[in-house]
1. Can you report the number of residues in the range 59-102 which are crowded, with 21+ Cβ neighbours inside 10 Å and either touching a strand residue (DSSP E or B) at 6+ places or on another chain (Cβ under 7 Å) or modelled with pLDDT of 80 or more (or both)?
2. Any residue in the range 115-130 that is near ligand 1 (Cβ under 9 Å from one of its atoms), at pLDDT 95 or above and touching a His at 6+ places or on another chain (Cβ under 6 Å)?
3. So which residues in the range 187-198 are within 13 Å of ligand 1 (Cβ to nearest atom) and either surrounded by fewer than 18 Cβ atoms within 10 Å (Cβ to Cβ) or in a helix (DSSP H, G or I) (or both), if there are any at all?
4. Among the residues that make up the range 149-160, is at least one of them within 16 Å of ligand 2 (Cβ to nearest atom), in contact with a Gly (Cβ under 8 Å, 6 or more places away or on another chain) and either at pLDDT 95 or above or not hydrophobic (A, V, I, L, M, F, W, C) (or both)?
5. Considering only residues that are open to solvent by less than 10 Å² (accessible area, probe 1.4 Å) and in contact (Cβ under 8 Å) with a residue 40 or more places away in the chain, look in the range 168-186 and name the one that is nearest to ligand 2 (Cβ to nearest atom).
6. Do any residues in the range 199-225 that are surrounded by fewer than 21 Cβ atoms within 10 Å (Cβ to Cβ) have Cβ atoms under 8 Å from those of residues that are among the aromatic types (Phe, Trp, Tyr) and assigned to a helix (DSSP H, G or I), where the two are at least six apart or on different chains, and which pairs are they?
7. Tally the residues that are of a type outside the set (S, T, N, Q) and closer than 22 Å to GLY206 by Cα, restricting the search to the range 11-47.
8. Keeping to the range 241-251, report how many residues are touching a Phe, Trp or Tyr at 6+ places or on another chain (Cβ under 9 Å) and open to solvent by 40 Å² or more (accessible area, probe 1.4 Å).
Amino acid sequence: PPQPLPGPLKDDSSILVYDAAHPYQPLRPGDQRGPCPALNTLASHGYLPRNGVATPVQIINAVQQGTFDFLTLPLIGFNLENSFARFLALSTFLVNGNPITNLMSIGGVTPLTGQNPPAPATVSGLNTHNNCEGDTSMTRADTYYGDNHSFNETRFQNFVRFSNEFGAGKYNYTVAAHLREFLVEESIANNPEFTLVSPRLFTAFGESVFPVNFFIDGRDKSGQLDLGVARSFFQNMTFPRNFYRRDGAVNNVGQDVVTNYYPFTPGYNANGVNSFVVDPTSATLSQPCLRYTNFVNNNIKLLYPNPTGLLLQSLKTNLQYLYEATVAAGDGCTQVFPYGQ
Ligand code: HEM
Ligand code: MG
């Protein structure tokens, strides 16, 4: 059954995370890694189980106490605590994890998550397309091209090129804005199956600033990410030597720099390349409650139309946790109950 979720860290200062207790170890056969460079790195250093299969509680603890803590949202000015970590972990778990065993793969399908609930549930891990993973990733290709989760050198070279052009050789918020525009325009022009709607819309714009917010050593306040450090996370799944996590908790601060430069209305290619149309049913980036409601009523309900017994109980508990994360984030959404109260 689902466990109670961890609260915020008491100490959110900058501390050494690449320490003796968390050595990097290479992958063993069967270990899962996927589209998220942060979770991959945490697993390769033992902050998450090294096999890449974890519970929501393990994921929240890892992203807080590992490099990454999402404890407050300074934009709003009161203590929002760890709402962002909870929302991210729970929303991906509900669609990509196993609600019976409480385990999720941070990569592909594996027997390590236990026996699956009945179809149409999929339990196929973070590699699953369009539940959270989606098009226009910085260092992973669009699903249309085949592999949506492995590090892709060609795409990383765009990251390098934009950092050189707009950041004097470093990745920062300005680079993030220009690269995001490029990635979306490039997919519209080349990927006939391009889509960028909620929930992926939110992760796409959030992830653009994650490297600035979380991959820079906590003792460095420049806001400029070194490209060697970027490669260490994105490709090698390892902390740079002697790495300290950031000082003080944040979530997607800086995302406004990206959206102000490149406002984007969610949509998709309706009829081959260069046929972009707006999707009026998708939440926009300024509609977090529509995102929550549609995610519950569409994405989750589609996978679990008629759950019973333990499965039903587990889904209800996790849906409650998801809603509480939106409350903690100050979104003011109305709770929805797809399986009754
Ligand atoms: C990408 C899940 C925490 C940094 C992704 C993707 C997923 C994911 C599914 C793939 C999306 C895509 O690009 O198509 C999660 C979950 C987390 C988590 C469940 C748990 C709370 C973090 C943290 C960081 C982070 C703490 C930063 C330190 C990134 C970045 C990408 C990404 C930079 C984009 C990769 C790219 O575009 O090439 N994450 N993530 N994630 N994640 Fe995470
Ligand atoms: Mg992707």
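The values are calculated or read from the model by the stated rules, or taken from the named source; none is laboratory data. What you are looking at is a predicted structure, and each value in this text was computed from that prediction instead of being measured. With ideal geometry, Cβ positions are generated from the backbone for all residues, glycine too; neighbour counts draw on all protein chains shown. The area values use the complete protein model at the heavy-atom level, side chains included, leaving out ligands, DNA and RNA. Shrake-Rupley method; radii C 1.70, N 1.55, O 1.52, S 1.80 Å.
1. Adding up the residues that qualify gives 18.
2. Checking the range 115-130: at least one residue is near ligand 1 (Cβ under 9 Å from one of its atoms), at pLDDT 95 or above and touching a His at 6+ places or on another chain (Cβ under 6 Å).
3. Residue satisfying the conditions is SER187 alone.
4. Within the range 149-160 (the criterion being within 16 Å of ligand 2 (Cβ to nearest atom), in contact with a Gly (Cβ under 8 Å, 6 or more places away or on another chain) and either at pLDDT 95 or above or not hydrophobic (A, V, I, L, M, F, W, C) (or both)), the answer is yes, since at least one residue qualifies.
5. LEU183
6. Taking only residues 6 or more apart or on different chains, the pairs are GLY223/TYR173.
7. So the answer is 10.
8. Residues that pass the stated criteria total 4.
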